Amino acid sequence: MLAATLTRGSRSGALAASKNLSLARSAVQKTATRSCGLVAAVDNVWSPSPSTTSSNAAILHDINVLRQTTSRIVHRGPDGQKLTRGSMSTGGYGKWAMGHQRLAIVDPNSRTADMPFRYDFHSSGKNMSGDSKVVNLAANGEIYNHKELYAELVNEHGWKIDRGSQSDCEVIGHAYACLGPEEAVKRLDGMFAFVVFEEGDEATGKAPRAFAARDPVGIKPLYYAKTADGCGYAFASELKSLVGHVDTSTVKQVPPGHYWTPETGLVCYYNPDWLRKDDFAPWEEGKAPSIDEVREGFNAAVSKRMMADVDYGFFLSGGVDSCIVSQVLMPRYRAETGDDRPIPAFTVGMENSPDVMAARAMVDALGGERHVDHRQRVFTPEEVFNLIPKIIFHMETYETELIRSAIPNWLLAERAGADVKMVLTGEGADELFAGYLYFMDAENPRQIQNELRRIYGMLGDINLHRTDRMTMAHALEARVPFLDTKFTEMAMSVDPALKIVDKEAVQTNSPGREKTYLRNMFEGPNENGHSIPRPVLWRAKAMQCEGVGEDWVSMLQRKVAAEVTDAEMDNAHITYPLNTPHTKEELYYRRIFEDHYAGMAHVVNAWEGGCRAGGAAWESDAYTRTGLNNVGVLSHSLQEPVSHSLQEPIAARGFSTSTNARRSFSSFARTGVSSGRRQFSSVSLAVDEAVQSATSCGFDEHEGWLTAGGDDRNLVKKETGTNKYHCAPRPIEDGQIFRGSCTCNVPTKRGYGASQVLFDKLKAASDLDEALQNVFDDQRKRVAETLDLPDGCEVIICPSGSDAEYLPIAIARVLQPETQTGRKIVNIVTQLREIGAGSAPSAAGKFFSDYAPLIGKVPDGLASLNGFHEDEVCEISIPARTPDGAVVDASAEASKLAEEALENGSYPIIHGVFGGKTGLIDAVMPGSTAGGEHSLGVVDACQGRFSLDELKGWLEQDSIVLFTASKFYQAPPFCGAVIVPKAIAEKLKNSPPPGPKDMFSETGLGAFVTDKEVPECMESWKPLLKKDNANNIGLALRWEAGLAAMEALSNTADDKRVKAVDDWAVEVRDFASAQPELDPCYVERSIVSLRLVNGDGWLNMEQLRDVYRWVSLDLSSHLPNEDIDIISTRCFIGQPVDVSESHAILRIALGADSLESYIQDRDTTIREDQITVQKLAAIARNFETLKQSGI
């Protein structure tokens, strides 16, 4: 036989990814040392236009760039790197380049097995046509039938060229040359992705060819795109190797079962009847395989995947799928390898989790340590959070369900990759045998068959994507016998009536539950006499993120949600218009993805509806965007009993918790007597979690209740002992500095003392309902007195400024009754990004947080409040600034939109903002026309930075005023109010309550206010809002703290206060201007906004988040060369605001307490501001040092 000439290109050691692309961060580089992948690029010599046939892409012309780009995927193949380049024609026309990282599993010691392969095939075979072929191949994967296919080429097609190595992938090139690419790819049995460049010959007129293909299921990845100049194509196993080389808008994946050529584009080559035909039903014709035939088909699939010349093992999750793989594998491993050593098995999970305990039982059933070397990775929830950035870097996705499951998969692969190069896994069984719990809600067998086809089609984007990226990140190859194409066809030819799921069986872990057909198939012993233990065989399907520990996902979600601001969530639809994040968890993952793969969001194929069950033809509540609804079904008898709750009841700390779990609304406080001691009893998850979170961090009862009765922003995080704004529910210590009143406040000592007094009174009250009614009546009266409200104006108390936005909508329905019968309300909101993150969604009648003050967790799928539906209320947001930071004339735009609304027959509510996050003030504060009959004006003065004269002017024009005591007046977060002008208050008093009545329900306004917080003019509303024993104690405590500051400052004349604010702002501005690292770019009343120097530009939003955190810490051990008195002082300032594309800002804000201090002791107060400014300058100077320290 003739031999193919295989030439070798240059080889080099593995290098780290290119620094200037910022892809390989230090945490990632530690793992980026191995696996198997390809990179390729070629000029578009097929273009009809000569000007677009030659690319200037550096990857084609610079060997060092090719090396660096290939090295970005060195984690896929540490056993060798090879680079080759050439021309697409004998005349040197058109360039191509290939790079490959090898993970050697078959023929590991042979260097001739290193790819890319370059074949110089001489005339042979039916498609050679008497000509030679020069074929260049880079491939990723395993070809299980490589020996059989090569024999077919020789025996049936007259192929006469010897193989040059024992590499299984070499046969791809032989089949390509012998059969032609389109036929060759159909003959491959395995998991693969490959690129072929066939060189042309100008002398014979043979045209060059390019061909890329991916296996039928999508086990191995392959992406392609046009080069940045549009004159070439680039290919890669992972997106990270395309970054910096391509036009990101053109990036696509080669779908499973498809090939690509420049002439045809994508072509589907794998589309069997069961996948293609809606009427596929061999069972109706008596042609369905028997259960024995299906079992033997799987046995063959496992045997096929044992092809390896290195040690390997298997993943043992403890789920039935991996246990079946192990049961089939064990006797074959002994028989076929002759190896009597225990085979490694790998398990991940929390101690006593369903997966870990089931896996241990399975190991015992397989003969224990004599036959299985069980290597376990037990983790705690705390250790996984820091893994997320590197996991998303490797996963190259933001699909939430996928990332959750990738976290334990990462730990599992990391553990296995340290010992072996290949593992067998149980992936794919659920997509063939209806393994997910939501299948119990399917209505008929045809729905099941169609749903299995749907989720099978997503495997390459979801399960297999995760399996490939997490294992290959650790130089580990995963093989999936359930997804063998022959076995898949058998499984999908089984009557789907045999895959019906019985709901009762799911609850009892018994036959009839999901995957019963598969469980029955492997219920008996294997050839060694070993059976799967019954509790394992019939345990519930658990996605890996659930089975490793029933409660850790909820812990993870709380942790990541705390890293996302309300402002980011509010603007998610603007920042991410494609696949917009719906939860803070989703946004957190998306933000990290965009850091690495900007412009490639369209490549991610996410689940419809945010979860696997979202696209099913039937309704099911088994899964939601946040995961499995009832994790209790995952428990099984092999787990050890748990004698205590994961969260200690707050009753143990002096407040009792109601056991009435069925009640869906909150009785935030009700009276009860236990051992002679007054207690507040809560059934609200929000209160329960708030008080528990605070007291578990060492705060006392009073401090815990200061955080209750709000939304998730109030919660104290156990990791930090503060809320998301780094504020604790107690005053700062002496020597610390607080200038963060524009964001969130810690209690002042005065406010803390006032709320403590009220707390003690409420605990001693004999009738708490009556006591709270009296408290809120008193607080409304005191707000009116301190703000010197005109007679007849009324005050509504509410939990926050965001919650306050619901009330103008309800009031508008009284002022213009047509809005109750179909006339649409158009709510025009200004200063988007400068107002509170919850304001815009609230103005649309939507929930802005996952928690509401009076019901706790908002029901899944509930976007709008009852009575505030999208067809009734429309919100239009006007941004505060243009992308370059210039101020938008929002008032003019709002006026124009209001006119358009009136012309269209709608009722406009027009906002004006008096003091955004940077203190920005709209040009016009809109009034109401005709007492609100024609339009309603709303002034957002939530920052509280206004004079009493300004407030009176707004009320005289019948503006509704939104106000909080938790900004300038430094009450703890949060406490809001709606000030109603006299004319509108009188209309409310003389009118019936607005409709529809469900607007007042527990998922409408009733989620935010009770009858106690509304004033006398809304007496008709009270019966609709009344709830027995419903009392927002936390809100009353926070308002008491705020009123302490308001009343103290009311003794200072208004003009004196205004002058002091102006003087303070000038002093701080001038001092900041003197620091080279700072620029006081905006000064508005009592807020000075600073941008921080970063080289020739400014620190961005992400960087300022670090600065915001660092300034609140003692940095003396990290910056020994700076003034220790400055950098050791803990300073609390306003959180960063993203004001333009070029920079963000931090804020120093004066509050009532510090204003009073400035008036009484200017020098001491200004010295505090100087320290704050100097510390910020020091942080800016040393930003990189602090970043590298990991603090």
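The values are calculated or read from the model by the stated rules, or taken from the named source; none is laboratory data. Keep in mind that this is a model prediction, so the values were computed, not measured. Note: ideal-geometry Cβ built from the backbone for every residue, glycine included; neighbour counts use all protein chains shown. Ligands, DNA and RNA are stripped out before the accessible areas are found, and what is left, the full protein with its side chains, is counted by its heavy atoms. Shrake-Rupley method; radii C 1.70, N 1.55, O 1.52, S 1.80 Å.
Just the protein heavy atoms count here, and of the accessible area of the stretch 716-792 at 1.4 Å, carbon and sulfur take up 48 percent.
Contact order, relative form, for the stretch 1054-1189: 28 percent (alpha carbon pairs under 8 Å, 6 or more residues apart, mean separation divided by residue count). A 1.4 Å probe run over the chain, with the rest of the protein chains in place, finds 35 Å² accessible per residue.
In a fully extended conformation the segment linking E956 and Y269 would gain 239.9 nm over its present Cα-Cα distance, using 0.36 nm per residue. Its Cα gyration tensor gives the stretch 278-564 an equivalent ellipsoid; the semi-axes, largest first and in whole Å, are 28, 24, 18. Remark: the stretch 555-560, residue by residue, has Karplus-estimated 3J(HN,Hα) of 5, 4, 5, 5, 5, 6 Hz, where x stands for each Gly or Pro and the curve is 6.51 cos²θ - 1.76 cosθ + 1.60 at θ = phi - 60°. For a paramagnetic label modelled on S1020 (point 7 Å from Cα along Cα→Cβ), amide N atoms under 15 Å away belong, within the stretch 795-823, to 810-821.
How high is the FRET efficiency between A203 and S49 when r is their beta carbon distance and R₀ equals 22 Å, given to the nearest 0.05? With a Förster radius of 22 Å, E is 0.35. Once both labels are positioned 7 Å from their Cα atoms along Cα-to-Cβ, the gap between N450 and H869 label points is 2.7 nm. Less than 5 angstrom separates the built amide H of V913 from those of D922, D940, all sequence-distant by 5 or more or on a different chain.
Give me the percent of the accessible area of the stretch 37-271 that comes from carbon and sulfur atoms, probe 1.4 Å, all protein chains in place. Answer for the stretch 37-271: carbon and sulfur cover 46 percent of the accessible area. With Cα atoms defining each centre, the stretch 952-1016 and the stretch 71-91 are spaced 67 Å apart in the structure. Does the stretch 813-873 classify as rounded, prolate or oblate by the C-alpha gyration tensor (a ≥ b ≥ c root eigenvalues; a/c under 1.5 gives rounded; else a/b over b/c gives prolate, otherwise oblate)? The shape class here is oblate.
Take the Cβ atoms of E986 and V757, set R0 to 35 Å, and the FRET efficiency comes out at 0.50. For the stretch 790-1050, the relative contact order comes to 26 percent (Cα pairs under 8 Å, sequence separation of at least 6). Among 509-518, 348-357, the peptide with the highest mean count of other Cβ atoms within 10 Å heads the list, and the full ranking is 348-357, 509-518. With viscosity 1.306 mPa s and temperature 10 °C, the Kirkwood radius over alpha carbon pairs of the stretch 37-271 converts through Stokes-Einstein to a diffusion coefficient of 90 µm²/s.
So what is the diffusion coefficient of the stretch 192-286 in µm² per second by Stokes-Einstein at 20 °C and 1.002 mPa s, using a Kirkwood Rh over Cα pairs? In µm²/s, the coefficient is 140.
Please go through the residue pairs K390/K559; K781/K1012; K147/K186; K763/K1012; K240/K584 and name each one whose alpha carbons sit more than 21 Å apart in this structure. Long pairs (Cα-Cα over 21 Å): K240/K584. Got a sec? Which residues in the stretch 500-535 would a label at D364 touch, if it sits 7 Å along Cα→Cβ and we count backbone N under 14 Å? The answer is 531-535, whose backbone nitrogens lie closer than 14 Å to the label point. With all protein chains in place and a 1.4 Å probe, the accessible surface of the stretch 980-1025 carries 54 percent carbon and sulfur.
Relative to the dominant Cα principal axis of the chain, helix 1162-1181 is inclined by about 10°. Under Stokes-Einstein, with the Kirkwood radius over Cα pairs as Rh, the value for the stretch 1054-1189 at 37 °C and 0.692 mPa s is 217 µm²/s.
Note on the stretch 1122-1189 and the stretch 392-423: Cα centroid distance 41 Å, given to the nearest whole angstrom.
Would you give the gap between the C-alpha center of the stretch 134-182 and the C-alpha center of the stretch 713-761, rounded to a whole Å? Cα centres, the stretch 134-182 to the stretch 713-761: 70 Å. Computing Rg and the Kirkwood Rh from the Cα coordinates of the chain gives a ratio, Rg/Rh, of 1.02. A probe of 1.4 angstrom, applied to the heavy atoms of all protein chains, finds V604 with accessible area near 20 square angstrom. Using the beta-carbon distance between T720 and D860 and R0 = 25 Å, what value does 1/(1 + (r/R0)^6) give for FRET efficiency, to the nearest 0.05? Approximately 0.35, to the nearest 0.05.
Available extension along the chain between A764 and D949 is 62.6 nm, counting 0.36 nm per residue and deducting the alpha carbon span. Enumerate the residues in the stretch 755-791 having an amide nitrogen under 17 Å from the point lying 7 Å beyond the Cα of N1051 toward its Cβ. Under cut-off, by backbone N: 786-787.
Subtracting the Cα-Cα distance of T508 and T380 from their residue separation scaled by 0.36 nm leaves 43.2 nm. Sorting 432-439, 246-253 by average packing, meaning the other beta carbons within 10 Å per residue, from highest down gives 432-439, 246-253.
Helix 584-597 and the longest principal axis of the Cα set of the chain meet at an angle near 50°.
When +1 charges are put on Lys and Arg Cβ atoms and -1 charges on Asp and Glu Cβ atoms, the dipole computed for the stretch 278-564 relative to its Cα centre reaches about 440 debye.
For GluC sites (Glu not before Pro), the sites in the stretch 1069-1147 that DSSP calls loop and that have at most 15 other Cβ atoms within 10 Å are E1141.
Relative to the longest principal axis of the Cα atoms of the chain, the long axis of helix 463-472 makes an angle of roughly 80 degrees. With θ taken as phi - 60° and the Karplus curve 6.51 cos²θ - 1.76 cosθ + 1.60 applied, the whole-hertz 3J(HN,Hα) list for the stretch 310-321 is 9, 5, 9, x, 8, 7, 10, 6, x, x, 4, 5 Hz, x standing for glycine and proline. Might you report the magnitude of the Cβ-based charge dipole of the chain about its Cα centre, with Lys and Arg at +1 and Asp and Glu at -1, to the nearest 20 debye? With only Lys, Arg, Asp and Glu charged at Cβ, the dipole is about 2320 debye. Using the rule -39500 (n - 2.57) for each DSSP H run of four or more residues, divided by the residues of the chain, the 222 nm mean residue ellipticity is -10000 deg cm²/dmol. Taking max minus min of the alpha-carbon positions on each principal axis, the stretch 248-374 gives extents of 56, 49, 34 Å, largest first.
Under the criterion of Cα pairs below 8 Å and six or more residues apart, the relative contact order for the chain equals 8 percent.
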